[in-house]
Amino acid sequence: MMYKVFLRFPEALRPAFPRLKEKLEDPDSGVQSAAVNVVCELARKNPKNYLSLAPVFFQTHDNIY
């Protein structure tokens, strides 16, 4: 849903971006998945704006294995 909101109201992305970035590291995998989906969809429009998030996608977590 957030992706659709950001498409319709692009000015909403700037104040929401820190919270979206925070959700990429949420302990709930469903929340993480939803945040990743929003970022991926937004990056399709303008990938350069989301390069700063790349390290979050490549972090390793000890508790995964």
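The values are calculated or read from the model by the stated rules, or taken from the named source; none is laboratory data. Because the structure is predicted, anything quoted here is derived from the model rather than measured. Reconstructed Cβ throughout: ideal geometry from the backbone, glycine too, with neighbour counts over all protein chains shown. Only protein heavy atoms, including side chains, enter the accessible area calculation; ligands, DNA and RNA are left aside. Shrake-Rupley method; radii C 1.70, N 1.55, O 1.52, S 1.80 Å.
Numbers below:
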| item | result |
| --- | --- |
| At 1.567 mPa s and 4 °C, Stokes D of the chain from Kirkwood alpha-carbon radius, µm² per second | 104 |
| Local net charge near Ala16, Cβ-Cβ under 12 Å (Lys/Arg +1, Asp/Glu -1) | +2 |
| Sequence of Leu7, Leu20 when ordered by accessible area, the most exposed leading, probe 1.4 angstrom | Leu7, Leu20 |
| Loop GluC sites (Glu not before Pro), the chain, which have at most 13 other Cβ atoms in a 10 Å radius of their Cβ (DSSP) | Glu25 |
| Formal net charge of residues neighbouring Leu7 (Cβ-Cβ distance under 13 Å; K, R +1; D, E -1) | +2 |
| Value of [θ]222 nm, deg cm²/dmol, for the chain, DSSP H segments ≥ 4, -39500 (n - 2.57) each, nearest 500 | -17500 deg cm²/dmol |
| Environment charge at Lys45 (Cβ cut-off 14 Å; Lys +1, Arg +1, Asp -1, Glu -1) | +3 |
